[in-house]
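**Q** This is the structure, below, for whatever I ask next.
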Amino acid sequence: MAKRYWLFKSEPSVYSIDDLRDDKDSTTHWDGVRNYTARNLLRDEIQKGDGVLFYHSSCAEPGAVGVATVTRAGYPDPTQFDPKAKYHDPKSKPDNPRWFVVDVTFDKAFKNPVTLKAMRETPGLEDMALLRRGNRLSVQPVTPAEWKIITKQGGRAR
DNA sequence: GCCAACGTTGGC
DNA sequence: GCCAACGTTGGC
């Protein structure tokens, strides 16, 4: 399958691109997604080797702040079975897991983060899923053309 | 803090 | 299956 591209949202006060870079092996399980549309992408669509735009939401300057790579395709989110975990789901059973994660590994932080505001003003990004009214999906697709524009604007690692 | 836009839940 | 109530997201 051809490489595809995605945008993952995270609140930087909870987990930022720097947290990913500094994590063990610069890798994390993208856990806690509890939305069925996003779940379907994590479980069925997102493949090892795909590109991820790391997006900071609910902060002073929302925007794409860097790039990561999917290093493991979908598998059950372990936090759903942990009664002490914030994202515990008592209705999910190990033999029929409801929620999935992928692993992502840090690639680079943009020298120039591409803000939401900039995306709205950039020709070629008009149809981005992110910019559609009321799109709150925390995991969403990015087209190759959009990926190219944003990674070019973001620049090399800082 | 406000509020629009959804997604989820649960009674019926 | 409908739909009102409620909760969450996330920009501003």
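**Q** Extension gain A:Asn40-A:Lys91, at 0.36 nm per residue separation less the Cα-Cα distance, in nm?
**A** Stretched fully, the A:Asn40-A:Lys91 segment lengthens by 16.6 nm.
**Q** Considering only segment A:1-155, what is the antiparallel percent among its DSSP beta bridges, to the nearest 5?
**A** 80
**Q** Give A:Lys24/A:Lys48; A:Lys9/A:Lys86; A:Lys84/A:Lys117; A:Lys3/A:Lys108 a once-over and call out the pairs whose C-alpha atoms are over 27 Å from each other.
**A** Check vs 27 Å cut-off fails for A:Lys84/A:Lys117.
**Q** Under the classification rounded if a/c is under 1.5, otherwise prolate if a/b is larger than b/c and oblate if not, where does segment A:44-89 fall, given a ≥ b ≥ c as square roots of the Cα gyration tensor eigenvalues?
**A** Here segment A:44-89 falls in the oblate category.
**Q** Next question. In Å, what is the Rg of the alpha-carbon atoms in chain A, and how long is Dmax?
**A** When restricted to Cα atoms, chain A yields Rg and Dmax of 15.4, 47 Å.
**Q** Turning to a different aspect of this structure: Kirkwood hydrodynamic radius (Cα pairs, Å) of segment A:9-73?
**A** The Cα-based Kirkwood calculation yields 12.6 Å.
**Q** Could you please state how large a percent of the accessible area of chain A is carbon and sulfur, counting protein chains only and using a 1.4 Å probe?
**A** 50
**Q** Please give the peptides A:38-50, A:20-32 ranked by average Cβ packing (other Cβ atoms within 10 Å per residue), highest first, as a rough proxy for protection.
**A** For the peptides A:38-50, A:20-32, the packing ranking is A:38-50, A:20-32.
**Q** Give me the one-decimal Kirkwood hydrodynamic radius in Å for segment A:79-158, with the sum taken over alpha-carbon pairs.
**A** 15.6
The values are calculated or read from the model by the stated rules, or taken from the named source; none is laboratory data. Note that the structure is predicted; figures quoted are calculated from it, not measured. So basically every Cβ, Gly included, is an ideal-geometry build from the backbone, and we count neighbours across all protein chains shown. Heavy atoms of the whole protein, side chains included, go into the accessibility calculation; ligands, DNA and RNA do not. Shrake-Rupley method; radii C 1.70, N 1.55, O 1.52, S 1.80 Å.
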